[in-house]
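The values are calculated or read from the model by the stated rules, or taken from the named source; none is laboratory data. What you see is a predicted model; the values in this text were computed from it and never measured. We place every Cβ from the backbone using ideal geometry, glycine too, and count neighbours over all the protein chains shown. Ligands, DNA and RNA are excluded from the accessible area calculation, which covers all protein heavy atoms including side chains. Shrake-Rupley method; radii C 1.70, N 1.55, O 1.52, S 1.80 Å.
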Amino acid sequence: MRLMLPGLFDLQVNGFGGIDFNATDLTADRVVEALELMRRTGVTRCLPTLITSSFDRFAPSARVLARLAHPAMAGIHMEGPYVSPEDGARGAHSRAHVQPASIDDFARRQDVAGGRIVLVTLAPEVPGAMTLIEHLVAAGVRAAIGHTAATPEQIGDAVRAGATLATHLGNGCPQLLPRHPNVIWELLGADALFASLIVDGFHLPPATVKSMIRAKGLDRTMLVTDAMAAAGCHDRSAPADRRYTIGDVECELGADGRVSLPGTPYLAGSSLTLNHAIANTVRFTGLAIDAVIPMASTIPAAYMGMTTAGTVTADWDPDAGELSITP
Ligand SMILES: [Zn+2]
């Protein structure tokens, strides 16, 4: 079935096609190459995402992204460094560079990024988080909750301070949680929060995706890839090609597409593409594809106060559960 889609919009992408946005030797040409490769998966706008790192590591990537005039580059998502230092909650973020939230530190990073940081993911329990959330909201920057082991009270405080999104809900939280209350239920139940989900089949089981979307609602759910450099590299089979980086962090791409920290169970980003995220969501939830496409296009765009860019032609095969983008 031939479909015309609004251009897809990915709020969280760390790299693509072997290119790592967090690499210190990032160049504008490399970013453009990644954006053009993402276009083949239907993405016409995105927020390149820079994860926890020292200011000196952050600055080179931020400067390159700040100067980029490509229409697909809609701003920078800064994920960390103001996140939980705990294993599990921290995910693949570097413990050495996790730090308390600080308006001064943010101002320095926003300055080097030319004011293009439009979304910040942070943990409410980190010292200084509430003050920074209020500062971000006043400056027109969206504040998201993620990589957190916050208490229900801390999540409530963050929402009152102006946080509006739960970043990759169900991931970036402790490996073991009390059945209730816990951080997942609190973020799921907070009506003021949109939720982004990584629907690659590894980050969340199908029943979890289905239940989360029902609880959060169709109009407050967004699909992200959280892709890293391994995305778009599935067909490479040589072992040397199966190691990728996010900044300083080395990751391993499994034959099944799962991206992990070598020797650990921890996921480290994904190799997901947004067209596959849509198809997976249809398969996992039983929703019509027309109900899922906005989660990867108009809803994230509207959440950011932006619009989608252009249209994309795709072929939807409901029997195979495949959405292929037509060049
Ligand atoms: Zn993350």
Rounded to whole angstroms and listed largest first, the alpha-carbon spread of the stretch 222-327 along its three principal axes comes to 39, 35, 28
Given the rule -39500 (n - 2.57) for each run of at least 4 DSSP H residues, summed and divided by the residues of the chain, what is its mean residue ellipticity at 222 nm, to the nearest 500 deg cm²/dmol?
-> -8500 deg cm²/dmol
Highest first, please rank the peptides 175-187, 107-119 by the mean number of other Cβ atoms sitting within 10 Å of their residues.
-> 107-119, 175-187
Taking a ≥ b ≥ c as the square roots of the eigenvalues of the Cα gyration tensor, with a/c under 1.5 meaning rounded and otherwise prolate when a/b exceeds b/c and oblate if not, the chain is rounded
Size of electric dipole in the chain: Cβ of Lys, Arg +1 and of Asp, Glu -1, about Cα centre, debye, nearest 20 | 320 debye
Of all the accessible heavy-atom surface of the stretch 199-327, with the other protein chains kept in place and a 1.4 Å probe, what percent is carbon and sulfur?
-> 53 percent
Cα lying deepest toward the dipole's positive end in the stretch 1-158, options S53, H93, L65, charges on Cβ = L65
Solvent exposure, largest accessible area first (probe 1.4 Å, DNA, RNA and ligands not counted), of L197, L287 | L287, L197
Taking K and R as +1 and D and E as -1, what net charge do the other residues with C-beta under 11 Å from the C-beta of L223 add up to?
-> -3
Cβ-defined net charge surrounding H168, 11 Å radius [Lys, Arg +1; Asp, Glu -1] | -3
Summed over the other residues with a beta carbon less than 10 angstrom from that of R258, with K and R at +1 and D and E at -1, the charge totals -3
May I have the extent of the alpha carbons of the stretch 139-288 along their three principal axes, as whole Å values ordered from largest to smallest?
-> 49, 38, 36
Projected onto the charge dipole of the chain (unit charges on the beta-carbon of Lys, Arg, Asp and Glu, signs +1, +1, -1, -1), the Cα from N280, I293, N182 with the largest positive-side position is that of I293
Looking at A23, Q12, M1, which one has the Cα that reaches farthest to the positive end of the dipole of the stretch 1-60 (charges on Cβ: Lys, Arg +1; Asp, Glu -1)?
-> M1
Mean accessible surface per residue for the stretch 1-136, computed with a 1.4 Å probe while every protein chain stays in place, in Å² = 36 Å²
Applying 1/(1 + (r/R0)^6) with R0 = 25 Å to the Cβ-Cβ distance of A215 and A107, what FRET efficiency is obtained, to the nearest 0.05?
-> 0.10
Per residue value of the accessible surface for the stretch 191-327 (all protein chains in place, 1.4 Å probe), Å² | 41 Å²
Please sort 141-152, 7-18 by packing, taking for each peptide the average over its residues of neighbouring beta carbons within 10 angstrom, highest first.
-> 7-18, 141-152
In percent, how large is the relative contact order of the stretch 1-145, given Cα pairs closer than 8 Å and 6 or more residues apart?
-> 21 percent
Carbon and sulfur: what percent of the stretch 87-141's accessible surface (1.4 Å probe)?
-> 51 percent
Please state the charge dipole magnitude for the stretch 1-125, taken about the Cα centre, from unit charges on C-beta atoms (+1 on K and R, -1 on D and E), reported in debye and rounded to the nearest 20.
-> 440 debye
